[in-house]
Each structure stands twice: as C-alpha cells, then as structure tokens.
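Worksheet: one structure, shown below.
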Amino acid sequence: MAFEGLGERLQATMDRIKSKGKVSESDIKVMMREVRLALLEADVNFKVVKQFINQVKERALGSDVMQSLTPGQQVIKIVKEELTDLMGGDNQKINLSQKPPTVIMMVGLQGAGKTTTAGKLALHLRKNYNKKPLLVAGDIYRPAAIDQLETVGRQIDVPVFALGDQVKPQQIVTEALDHARAEHQDTVIIDTAGRLHIDEGLMNELKDIKEIAKPDEIMLVVDSMTGQDAVNVAESFNDMLDITGVTLTKLDGDTRGGAALSIRSVTDKPIKFAGMSEKMDGLETFHPDRMAQRILGMGDVLSIIEKAQATVDEDEQKVLQQKIKDQSFTLDDFLEQMDQVKNLGPLDDLLKMMPGANKIKGLDKMQMSGNEIDHVQAIIRSMTMDERENPSKINASRKKRIARGSGRTLQEVNRLLKQFNEMKKMMKQMTSQKGKKKNPFGNMGLPF
Amino acid sequence: MSFLKRLKDRFQPSREKEAAGKSVEEQNEKLDDGLISIEEFEEWEQEQIGYKFKAGLEKSREKFQNEINELMARYRTVDEDFFEALEEVLIGADVGFNTVMELTDELRHVAKVENITESRDLKETIVEKMVEIYERNDDLPETVNIQEDDLTVILVVGVNGVGKTTSIGKLAYKYKQEGKNVMLAAGDTFRAGAINQLKVWGSRVDVDVISQSEGSDPAAVMFDAINAAKKRGTDVLICDTAGRLQNKGNLMNELSKMKNVIQKTVPDAPHESLLVLDATTGQNALSQAKAFKEVTDVSGIVLTKLDGTAKGGIVLAIRNELGIPVKFVGLGEQLDDLQEFSAENYVYGLFADMISNAEELDDSGGDDV
C-alpha cells in the first residue's frame with residue numbers, strides 16, 4: 001500500500017519514454033494517465049479528476065512540455081500550479097462580525113470532529129483575536145455530547161451554554177444568543193449534532209438554526225480521510241446552508257487528503273482550518289499550496305520550517321550562534337537545544353511532513369517518541385555544572401557515576417560524549433567557513 | 001450466460017422471497033393476523049433483516065448498477081476510454097484503488113486475448129471477476145467468535161469518530177437480546193465525555209459499565225473490567241478504546257498494552273478484535289486496517305454509516321487486499337441497526353439486477369446488429 005507520489009510516477013513513465021528522445025502527444029496522454037491515477041489514489045473525486053486532467057492536458061499540449069528536456073518536471077509544474085489555483089491560492093481568515101456577537105455555526109457528518117473543532121476554534125479566537133467566546137451545546141441527540149462539550153469548555157476555560165437534551169436546538173440557540181449579549185460574550189460558537197447529508201429532518205433543523213442565529217460563519221467540518229463521497233457531503237451541506245468555510249480534520253493522520261480538492265472544487269468555498277491533533281491547540285490555518293503538495297505526495301517542507309521558527313526563540317538563537325562562534329558551546333547549551341526540539345512536537349509528526357518520508361520503509365514502525373531525547377537529557381542532568389562546562393574532565397569513575405545517576409548504561413554515556421565532541425568539531429569547521437548559507441537546522445545536530 | 005446462471009443458482013437460496021417489492025408495513029400486517037406458525041414467523045423475521053439490509057444497501061446497489069448500465073450504453077466499443085470510465089465507476093464506489101487497477105488490468109487482458117470489442121460482451125466478465133475477487137478469500141470466518149458457556153472478550157478499536165462507542169451500544173443490545181449477560185469496559189479515558197457516552201448506552205441497554213475516571217490508564221480499566229467480568233460470570237465483555245490515528249506509534253503501543261493486560265487474565269482473549277471503519281472513508285481505510293491488524297490482530301470489521309452513502313465498495317477492497325472479513329454493518333441510528341454482514345448477500349445485492357438484465361439480454365437472443 002505504499003503511496004507513490006506523483007513525482008515518482010511520472011519519473012517512471014519518463015524513463016520508459018526517454019529512449020525515444022522526443023515526447024509525442026501520445027506520451028502526454030500516458031503522463032496524464034499517471035496524473036489521473038495519482039489523484040484518484042489520493043481520494044480526489046473522479047469527476048473532479050476528469051475536469052482537472054482536461055485542464056492540465058490542454059496546457060501541457062499547448063505549452064513547451066513537448067520541447068522541454070525534462071517533460072516530467074514540466075508536467076509536475078503545471079499540475080502543481082493548476083492544483084494550487086484550484087485550491088484557492090492564499091489562506092482565508094475566519095469571518096468576524098463588526099457588530100458583536102460574531103456567530104459561528106459548526107456543521108457536518110457524525111464523527112467528523114465538530115465538537116473538538118468548536119473547542120479548538122474557541123481557543124484560537126481567544127488567543128489570536130482576543131475574543132470572549134461562548135460555546136453552545138446544540139447536539140441533543142448523541143449520548144453525552146453535551147457532556148463532551150462541557151469538558152472541552154473546562155479544559156480551555158471557555159463558558160458553555162447548555163439546556164440539556166430535552167430542549168429543541170432552535171430554542172437553545174435563541175436563548176444562547178440572549179445569554180451571550182447579556183454576558184458580553186462577543187463570539188458564539190454553536191455545536192450542532194452530526195447528521196447525514198441525506199437526513200431531511202435534521203437538515204431542516206440546521207436551516208432553522210441558521211435563520212435564528214444568522215451566523216457570520218457556517219463552518220463545515222469534514223474528515224480529511226473521506227473518500228469519493230466528500231463531494232456529495234459538501235455539495236448537500238452547501239446547497240442547504242450556503243456554507244462559508246470548511247475545516248478539514250484529522251490531517252495529522254497519513255491520508256493524502258484528496259477530499260480537500262473535491263470539496264473545494266464543488267463548493268468553491270475556502271478551506272480555512274486544518275485539525276492537526278486531539279489537543280485543543282491543534283488547529284492550524286490551512287495553506288492551499290501545501291495541501292496541493294501533500295495530495296501529490298510531495299511533502300510539506302514549509303510547514304516544518306514554520307513550526308521550527310515558531311518554537312525556537314530568536315534571541316536564544318542569537319546567543320547560541322555567538323556561543324558556537326566562540327566555541328563556548330557546552331553540554332548545558334545542548335540540553336537547552338534539546339528542549340526546543342522537544343517543543344516542536346512528536347518527531348514522527350515532523351518526519352511525516354518531510355518529502356520522501358513516505359517512501360522510507362518501516363518509518364511508520366519506527367519509535368520516534370522522543371524517548372531518546374529524554375535519555376540524553378537524563379545523562380546530561382546527572383552531570384555537575386562543572387562537568388557540563390568541561391566535558392574533558394569526565395573520567396572513568398565520573399562516567400560510572402553519571403550512568404548510575406541517569407539510569408542509563410556506560411556505553412550510552414560514552415556515546416553521548418563522543419558525539420558531543422564531534423559536534424563541537426563540526427561547529428568549529430562551520431564557523432571557519434566564511435559566507436556559509438544560513439540553515440535553519442544547522443544548529444540542531446543531534447547526537448543520534 | 002452460464003456463469004451468471006451459476007451465480008444466480010448459488011445465491012438463489014439466500015434471496016428473500018418477494019421481499020424486494022414489499023414495504024415494511026405490508027410485512028407487519030402479515031404478523032398482525034396473529035395466526036402464523038413459528039416457521040412463518042422465522043421466515044418473516046428473516047425477511048425483515050433482509051429488507052433492512054437491502055434498504056440500507058439499496059443506494060449502493062442502484063447507483064452501481066445504473067452506472068454500469070450507463071457505461072455500457074455510452075461506450076459501445078471496448079477501448080481505453082471505456083476502461084477509464086469503468087475505473088471511474090469502481091473508484092466512485094470506493095472499491096479500493098489497487099483492487100480496481102487489478103480488476104481493470106485483468107479485464108484489459110481478457111478483452112485482448114478473447115478479442116472482445118463490444119462492451120456488452122464484457123459485462124459478464126466484469127461480474128465474474130468481481131465475484132472472483134470476493135471469493136478469493138472465501139475461507140474467511142465470517143461468524144462472530146462467541147464462546148459458549150465462557151467469557152467472550154470483544155475488543156473494539158478504530159480511528160477517531162468512526163462510531164466505536166455507538167457500535168458497542170448496538171452490539172451490547174444485540175447480545176443482551178440474545179439472552180447473554182453483557183458488560184462494557186470504558187477504555188476511552190482520553191476523549192472528553194467518552195466515558196459518559198458509554199454509560200448512557202449502558203443504561204439504555206441495561207448492562208453494567210466498568211469505568212474509571214477520565215485520564216486514567218486504559219490498561220488499568222481493562223484489568224478491572226476483565227476481573228469483574230470473570231467474577232460476575234459475564235458472557236460477553238465488550239471493551240471500548242479511545243479513537244487513535246493509525247500512524248501514532250505511541251497510541252498504537254498503548255493498544256497492544258491493553259491487549260496484553262487482557263491476555264494475562266484470559267489467555268485466549270480477545271476472542272474478537274473488531275475494527276470499526278467509517279464507510280465514507282476512502283483509501284485510508286486500507287491503511288487503517290493494516291496498522292490495526294498489526295497491533296491487535298483484527299479479526300473482523302464493523303462498517304458504520306453505510307446507510308448514508310452510496311459507497312461500500314471498500315468491503316471488496318478490504319477483503320481482497322487485507323483478508324479481513326466484514327462482520328457487522330451499521331445501517332442506521334436505531335438500536336437494532338447493526339446487522340451481521342453477509343458478504344454473499346452483499347455481492348448478490350450488488351449484481352442482482354445486472355444478472356437478471358443479462359438474462360433478459362440472453363433470452364432476447366441478442367438480435368441487434
């Protein structure tokens with residue numbers, strides 16, 4: 001089940017064609033088949049694929065692909081451009097009302113992640129927009145749904161308005177809005193029950209709520225793993241409610257997320273957020289261009305860099321760079337570095353975003369739980385300050401003590417010291433090279 | 001059309017008599033006269049299940065057949081365009097990507113070797129190949145492994161939001177109805193409100209729920225539950241687990257720890273490891289099945305939300321590519337909407353009209369030019 005990226009697919013095709021020297025129209029046809037298969041494999045709806053392929057084909061036939069020395073690359077370029085275009089270019093922000101309260105309505109199928117996303121959104125709005133959100137428990141059908149929202153509310157310290165499961169959602173929303181005005185809550189996020197897009201009764205209930213609440217944002221929450229049916233779901237919700245935005249959830253899984261493209265192309269509504277974890281801060285703004293690359297199996301380098309930049313303190317970085325220059329980098333600094341790496345989140349998350357990572361066999365089975373970092377940190381913490389400054393002092397008996405203190409083996413202590421020395425050597429070389437390129441990972445060399 | 005005849009004969013016994021045209025009401029009336037024999041009642045009950053099953057899959061079936069028929073009408077000759085359109089129909093039904101490619105490649109080969117040029121002549125082969133795929137893993141045990149006179153442990157796993165807890169509620173109801181002593185274990189200690197959700201189901205169905213507080217170690221909950229089940233002489237213990245994405249190594253390890261804890265007390269447990277899959281999921285369903293199979297040795301699949309979609313083709317793919325049988329399907333939101341799945345009925349349902357159509361064609365002698 002190894003997913004092949006479009007790149008490899010086209011490459012393989014090109015290798016077959018290459019011997020002929022020139023690319024013909026029928027070769028383009030073969031390449032288009034590869035593009036088609038790559039998109040279908042990524043769960044993009046087949047109708048959308050068809051439309052898309054016609055567009056790409058037209059451009060490919062008309063342009064310089066046929067004369068190009070690297071037609072495969074050219075095709076990828078066109079596909080990527082068209083795909084990004086279709087995905088809607090830039091990220092779009094959430095709609096906020098000038099006149100409070102801003103009302104946001106969460107809708108979607110069962111199990112898409114509406115309640116979790118409602119909580120994440122509340123936290124996002126408070127953190128980034130300084131809003132005072134109120135969560136409204138409008139799911140009276142699923143057992144303990146209200147309970148779930150209340151727990152979420154407690155976790156992020158956001159008030160939850162609930163009237164139990166015996167009151168109609170329409171009534172709940174009406175009272176919630178009054179309550180929000182009275183309590184000066186400037187943002188109201190309404191959680192609704194999950195429903196099938198074919199369930200007329202429940203869809204009408206949503207229409208009623210829309211009528212009552214006049215939401216500024218109707219957010220359709222869709223599971224990114226959805227297959228061909230994503231088109232129908234998005235289309236029916238959009239027809240019924242005229243949605244204003246989409247949140248794709250569970251994107252931290254290993255799905256290629258072709259649903260994103262399907263939804264975008266049938267509704268023409270922007271995808272605004274991506275749900276990235278079960279934790280409440282796991283909501284990220286959606287970047288269409290990066291999603292385009294993911295669908296094509298090209299990884300997401302930009303997101304990694306951004307993540308690194310967000311967690312690594314710039315001032316600390318400057319101090320650190322100075323230290324590297326002066327060659328006064330100690331094991332203590334190293335300890336700090338590792339804390340920053342840990343803040344980046346689970347390492348397997350990072351690896352997943354790397355291009356080509358999906359090709360490495362056995363990566364999914366690899367244990368990247370950050371335990372090794374913990375072990376290294378334990379070893380350093382078992383050293384005295386003096387030893388951390390001057391590792392050369394650490395003799396055999398000190399090593400034994402450190403190993404005992406950290407609960408690791410003597411070999412591990414040895415390995416760490418050896419690697420640290422090599423790292424310092426490398427730093428020396430780096431600083432002696434003039435005009436070197438700035439590399440965001442340059443000072444993150446890890447000894448494992 | 002000998003193959004279709006064979007197929008029809010094979011599925012004939014399982015075909016509900018005349019049930020297709022009748023509504024539930026009509027069938028209810030039949031019960032109301034109060035004069036039916038036990039056999040008649042059993043037959044009626046069988047029809048009810050068949051009806052529900054049919055109604056739930058009606059959408060899948062109709063759509064699939066219409067599309068195949070349309071395809072035949074639109075592409076009279078067998079060429080690359082025809083095959084692409086066929087691929088689209090199959091992928092549109094969420095039959096897995098690899099399975100579709102395998103299928104169409106085989107069909108391309110057949111068309112070439114047997115020199116078939118009219119799409120109509122390929123119809124039989126399409127059905128034949130699909131049934132072949134279905135039959136390839138014919139020896140898969142489709143029945144649920146319930147221990148007679150001893151504790152049966154069912155572990156329920158899956159990614160987030162597929163309907164694990166709801167399916168457990170329905171399963172509990174089913175076994176309770178069968179006169180079994182059922183207990184539930186609230187192993188989802190992570191998601192907000194999950195424990196309460198299971199408790200609500202527990203009181204609805206009237207079965208015991210063993211739980212600890214939110215955030216506690218799920219393996220500890222399993223330990224408690226399995227010991228309580230043994231002590232109280234429970235027949236069926238159904239263990240809920242937190243939803244987890246299959247690429248999260250740590251969470252998958254937690255699952256194997258839970259399994260180990262269960263096995264310490266009951267060595268041959270879990271007797272069933274059921275993976276819950278959302279029928280609307282695309283290719284990722286295969287990745288899920290594969291990952292969970294590695295950790296908990298999944299013995300069967302519960303396919304939920306099958307009523308809402310025109311999909312379900314993934315059943316074929318999972319069977320073909322992973323050899324895991326679908327044991328239950330969720331066809332609605334009612335307590336009794338979880339049905340034991342019969343792959344035979346499903347495949348028959350999928351091709352029922354195509355088979356009769358083909359026969360009509362056969363009868364008319366194919367007299368067009």
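The values are calculated or read from the model by the stated rules, or taken from the named source; none is laboratory data. Treat the numbers as computed from the prediction; the structure is a model and nothing was measured. Backbone-built Cβ (ideal geometry, glycine too); neighbour counts: all protein chains shown. Surface accessibility is based on the protein's heavy atoms, side chains included, excluding ligands, DNA and RNA. Shrake-Rupley method; radii C 1.70, N 1.55, O 1.52, S 1.80 Å.
Annotations for the structure displayed:
- When the stretch B:272-299 is filtered for residues that are modelled with pLDDT of 90 or more, within 14 Å of another protein chain (Cβ to nearest Cβ), assigned to a helix (DSSP H, G or I) and open to solvent by less than 10 Å² (accessible area, probe 1.4 Å), the ones remaining, listed by number, are B:Q288, B:A289, B:F292.
- Residue that is nearest to A:R33 (Cα to Cα) [pool: residues in the stretch B:90-112 that are surrounded by fewer than 17 Cβ atoms within 10 Å (Cβ to Cβ) and either within 9 Å of chain A (Cβ to nearest Cβ) or among the charged types (D, E, K, R) (or both)]: B:M101
- Residue tally, condition open to solvent by less than 70 Å² (accessible area, probe 1.4 Å) and within 17 Å of B:C239 (Cβ to Cβ), over the stretch B:171-195: 17
- You will find that of A:G153, A:G194, A:G164, the residue that is of a type outside the set (F, W, Y), within 14 Å of chain B (Cβ to nearest Cβ), in a loop (DSSP other than H, G, I, E, B) and in contact with a strand residue (DSSP E or B) (Cβ under 7 Å, 6 or more places away or on another chain) is A:G194 and no other.
- Residue in the stretch B:331-347 that is in a strand (DSSP E or B), under 22 Å from A:A112 (Cα atoms) and under 11 Å from the mean Cα position of the chain (by Cα) present: yes
- Checklist (1) charged (D, E, K, R); (2) part of a loop (DSSP other than H, G, I, E, B); (3) within 21 Å of A:A230 (Cβ to Cβ) applied to A:D85, failing item: (2)
- Restricted to the stretch A:128-150, and to residues there that are among the charged types (D, E, K, R) and either open to solvent by less than 10 Å² (accessible area, probe 1.4 Å) or within 8 Å of another protein chain (Cβ to nearest Cβ) (or both), the residue that is farthest from A:P100 (Cα to Cα) is A:R142.
- Selection count where residues are farther than 13 Å from B:G243 by Cα and modelled with pLDDT of 90 or more, scope the stretch B:140-166: 4
- Criterion: basic (K, R) and out of contact with any Ser or Thr (no Cβ under 6 Å at 6 or more places or on another chain) - qualifying residue of A:K207, A:K250: A:K207
- Some residue of the stretch A:126-141 being in a helix (DSSP H, G or I) and touching a strand residue (DSSP E or B) at 6+ places or on another chain (Cβ under 7 Å): yes
- Being farther than 15 Å from B:G300 by Cα, more than 14 Å from every other protein chain (Cβ to nearest Cβ), assigned to a helix (DSSP H, G or I) and open to solvent by 10 Å² or more (accessible area, probe 1.4 Å) is a property that holds for B:D121.
- Restricting attention to the stretch B:141-163, the residues being open to solvent by less than 30 Å² (accessible area, probe 1.4 Å) and either without any contact (Cβ under 8 Å) to a residue 40 or more places away in the chain or in contact with a Ser or Thr (Cβ under 7 Å, 6 or more places away or on another chain) (or both) number 6.
- Candidate set: the stretch B:61-71, residues that are surrounded by fewer than 19 Cβ atoms within 10 Å (Cβ to Cβ) and over 24 Å from A:M225 (Cβ atoms); chosen: the one modelled with the lowest pLDDT: B:E62
- Any hit, the stretch A:87-107, residues being modelled with pLDDT under 75 and over 22 Å from the mean Cα position of the chain (by Cα): no
- Residue match in the stretch A:225-238 (condition: more than 14 Å from chain B (Cβ to nearest Cβ), under 28 Å from A:L40 (Cα atoms) and either open to solvent by 50 Å² or more (accessible area, probe 1.4 Å) or outside any loop (DSSP other than H, G, I, E, B) (or both)): yes
- Any pair with Cβ under 6 angstrom, 6 or more apart, that starts in the stretch B:256-271 at a residue that is open to solvent by 30 Å² or more (accessible area, probe 1.4 Å) and ends at one that is part of a helix (DSSP H, G or I): B:S256/B:V295; B:K257/B:A219; B:K259/B:T296; B:T265/B:I226
- Failed criterion for A:L220 (all others in (1) open to solvent by less than 10 Å² (accessible area, probe 1.4 Å); (2) within 10 Å of chain B (Cβ to nearest Cβ) hold): (2)
- In summary, A:V79 fulfils each of the numbered conditions (1) in the same structural domain as A:E284 (by TED's automatic domain parsing); (2) buried (at least 18 other Cβ atoms within 10 Å of the Cβ); (3) under 26 Å from the mean Cα position of the chain (by Cα) with the single exception of condition (1).
- Residues satisfying the stated conditions in the stretch B:192-230, i.e. within 11 Å of chain A (Cβ to nearest Cβ) and among the acidic types (D, E): B:E214
- For the stretch A:349-403, the set of residues classified as at pLDDT below 55 and small (G, A, S) consists of A:G356, A:A357, A:G362, A:S369, listed by residue number.
- Here is the figure for the stretch A:82-115: residues that are open to solvent by less than 20 Å² (accessible area, probe 1.4 Å) and of a type in the set (S, T, N, Q) total 2.
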